[in-house]
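Below is one structure, written out as structure tokens, with a few remarks after it.
No value in this document is a laboratory result; all are computed from the given coordinates. Here the structure is a predicted model, which means the values were calculated and not measured. Note: ideal-geometry Cβ built from the backbone for every residue, glycine included; neighbour counts use all protein chains shown.
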Amino acid sequence: MQTLPPPLPEASLDLCSEEEVTRLVHDFYARVREEPRLGPVFAGHVEDWSTHLAQLVDFWSALLRGTRRFQGSPMSKHMAIDAMDRDLFDRWLVLFRMTTAESGNADMRRLADDIAARIADTFWKRYQMLRWPQVALPIVGTSG
């Protein structure tokens with residue numbers, strides 16, 4: 001009999017501290033900036049890293065702690081980048097999971113990893129639809 005994983009924790013102020021979110025974001029993007037393929041993509045689009053990191057802390061604080069201070073449109077900004085491929089999303093996700101693994105907060109890690117995987121998947125699917133609309137994506141749950 002297969003056991004199901006426990007349900008994901010919910011975003012809350014008790015899940016993690018603001019310091020944990022800040023450390024996660026800063027450590028993760030330090031890795032991203034050093035990664036041979038991701039680093040140049042971000043360098044070409046981020047002019048002010050301190051402002052960008054502050055906005056990313058607000059974004060992840062909203063997702064992990066339920067705060068409401070994030071203001072922005074991440075989807076549209078990412079969709080404007082021309083030279084992306086699935087490998088970049090996969091690299092982003094691997095680096096993210098490496099960083100959450102070092103957090104020491106298992107519940108934050110589980111929720112953050114789940115959110116990051118959904119973000120990467122959604123962004124990649126939207127990117128494909130915008131760039132290559134003629135390519136039909138498979139529809140799950142239908143038969144021939």
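Quick check: pseudo-label points 7 Å beyond the Cα along Cα→Cβ at Arg33 and Phe70, how many nm apart are they?
With each label point 7 Å from Cα toward Cβ, the separation is 2.1 nm.
Taking 0.36 nm per residue of separation and subtracting the Cα-Cα distance, what length does fully extending Met98 through Asp14 add?
28.0 nm
Once you order the gyration tensor axes a ≥ b ≥ c over the Cα atoms, which shape class does segment 18-131 get: rounded for a/c under 1.5, otherwise prolate or oblate by comparing a/b with b/c?
Verdict is rounded for segment 18-131.
Going by how many other Cβ atoms sit within 10 Å of their own, how do Met98, Met84, Met1 line up, fewest first?
Final ranking by Cβ density, sparse to dense: Met1, Met98, Met84.
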